[in-house]
1. Based on the Kirkwood radius over alpha-carbon pairs, what value in µm²/s does the Stokes-Einstein equation return for the translational diffusion coefficient of segment 203-320 at 20 °C and 1.002 mPa s?
2. What is the diffusion coefficient of segment 430-502 in µm²/s, taking the Kirkwood radius over Cα pairs and the Stokes-Einstein relation at 20 °C with a viscosity of 1.002 mPa s?
3. Roughly how many Å is it from the Cα centre of segment 406-461 to that of segment 499-563, as a whole number?
4. Please work out how much length the chain gains when fully extended from GLN428 to LEU132, using 0.36 nm per residue of separation minus the C-alpha to C-alpha distance, in nm with one decimal.
5. Using 1/(1 + (r/R0)^6) with R0 = 41 angstrom and r between the beta carbons of ALA454 and ALA593, what's the FRET efficiency to the nearest 0.05?
6. Kindly state, as a whole number, the per residue volume in cubic angstrom of the convex hull around the alpha carbon atoms of segment 588-664.
7. With +1 on each Lys and Arg Cβ and -1 on each Asp and Glu Cβ, and nothing else charged, work out how big the dipole of the chain is about its Cα centre, in Debye to the nearest 20.
8. Rounded to the nearest Å, what's the spacing between the alpha carbon centres of segment 587-664 and segment 178-218? Just the number, please.
Amino acid sequence: MNSEQARERVSELRTLLTKANDAYYQEAAPLMSDREYDQLMEELRRLEEEHRLFSPDSPTERVGGEPTREFPTVTHPVPMLSLSNTYSREEVDDFDRRVRNLLGHDNYSYMAELKYDGMAIRLRYDNGRLALGATRGDGTQGDDITANIRTIRDVPLSLSGNHPQELEVRGEAYMEMAAFAKLNSAREENGETVFANPRNATAGTLKLQDPNTVARRPIRMFAYDLLLEDDNRERTQQEKLNMLDEFGFRVCEHRAMCPGIEEVHKVIEKWGGFRKDLPYETDGVVIKVNEERYREILGQTAKAPRWAIAYKFEAEQAVSRIHGITLQVGRLGTITPVAELEPVLLAGTTVKRATLHNEEEIQRKDIRAGDRVIVEKAGDIIPQVVNVVLQEEEKRGEPFRMPEECPACGSKLVKLPDEVAWRCTNNQCPPQVRNRLEHFASRDALDIDGVGEAVVDQLVTNNLVSTFPDLYRLTVDDLTPLERMGEKSAANLVASIGKSREKPFEKVLYALGIRFVGVTVARDLARAFPSVEALMEAGEEELLAVDAIGPRIAGSVRSFFEQTENGEMIRQLRELGLTFESEEKAAASDKLAGKTFVLTGTLPTLKRSEAKELIEKNGGKTTSTVSKKTDFVLAGDEAGSKLEKARDLGVKIIQENEFFEMIK
Ligand SMILES: [Zn+2]
């Protein structure tokens, strides 16, 4: 591809990926699969690098930059004020009365906007391009978190429409509840502290030092305010929201023009009714005087503007009594204490159990069996105990103590350093076995129809299945004696288990349930190591050479494959026909099988990425540092220290032409 063609393709890819991105977030129907998206993104990244075609608004900029050690402080030219909160109809009416009195007439209108429970951020655009993203901080000064903000797909990197050269935008960054629940359950399983609510998860994420991690968390943003340099006093909030929309920002559809305060009350009532059905958390309605010229007259107090207030919905909490604290055993042995509650109606559902997260959390809140407690839905999904309702000390039960043994199998519980969770390390512990099997069959893993909680429970209880390979040995005759299992459904079950043999390597890898190996990490690993052998042989250094893999994941992968029973399990699964190789690998040669290469210097014709690809296609591996395990150093011009090290260690050094000979 010459540079002219490259330029064309790059521009084509950028347009396509931007469109796909918009469709993914703004419309329900995605333009392409995640896989295609990733592949095109990879192609774009490669072309940009090879032809030095960089641009700050390319979609590749969204994947995260270099980690920063400390965020620089920025001063907000226009302070980011917080709003006064109101909790009743009367207080809202009081606000309206103050506005009318200060203005001396009632020719104003209101804009009502849904209030999202997230984190306020400030964006600055210079020449139509994102130049700065900052936190609110104390309202006057915040942190420059531009690298993290760039990863939010709802934040346009460059503006569209007829936009002015310079402008500022304010928005609310937040996490959808489903994403929050998923993030928290992964953290709980990993023994990490969980976030109390989506707002904390958002704030915690945006303050991470590593944009790559931020990019993996689905933070979203609604824009709600626009600051322009011109002095157009005739502008209204409504017009500004429309402009934001035109410039490419995501603006919440739940906004309403209200000629007077009565209409505001109607909106509050209406939104309060359906807010439970929204995918994100809202905690109220923001009411703003619509006309900019009146805002100026109304001004502000030291803390808050006089032209806007927030009306807060009543929090969804309920009081209940804990009649017992039970312990749940997760897939990886994590013990989670759970409060068994007297049933209570909360946000439209009956709640009987609430997570207590971990021992520390129980001790911190001093929660005991028998206590009356306030229960809340975190992210309106998982109920949790907020705190204990004050009661007389002598009537309370004993403080909670974590037992020393697993409640399910009696093994001694252990707590690893740096972790808050206790775990049962018995691999055969029944709830662990059940949860592993459920995970194996789950949608993101091998997606086996019909293997859900109830079926897994029966299979394990009847001693039909205890390992993954057992699933593939099930026959219709094994299954028909089970409850609610006719001949036909047994046959269907066997068929759907059989069909999972066609699932790609990355899905199998995820299904194995290795600690810290989620969907994305599994995909990255399957790409870097196209067969299970390559992965099993990979040392820590090679694992760390994969972009997304840090020491924690590398350690977990290594220790999984080091266990002999896991090696045996994989051997059996492979015999049973599951896929343990990436497609690309299957189509290539094995001329370099088992050989490890290190690349150094500039090769005469091949780009480094091309050489790496050729090595992998032919069954070889590349690593970044020369060691005794290195078979060949492929050296080009201006090779440096790696070449010297290769000579010292006696590693064979080859030139590009010799390399071509090897794979011919
Ligand atoms: Zn156990």
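1. Numbers: Rh = 17.1 Å.
Estimated via Stokes-Einstein, D reaches 126 µm²/s.
2. On the way: Rh = 12.0 Å.
After rounding, the answer is 178 µm²/s.
3. If you average the Cα positions of each part, the centres end up 20 Å apart.
4. Going from the current span to full extension adds 101.3 nm.
5. In this case the efficiency is close to 0.35.
6. On the way: hull volume 5.7 nm³, N = 77.
So the per-residue Cα hull volume is 74 Å³.
7. Dipole of the chain, to the nearest 20 debye: 540 debye.
8. 39
No lab work stands behind these numbers, since they all come straight from the coordinates. Just so it is clear, the model here is predicted, and its values are computed rather than measured. Glycine gets a Cβ as well: all are built from the backbone with ideal geometry, and neighbour counts include every protein chain shown.
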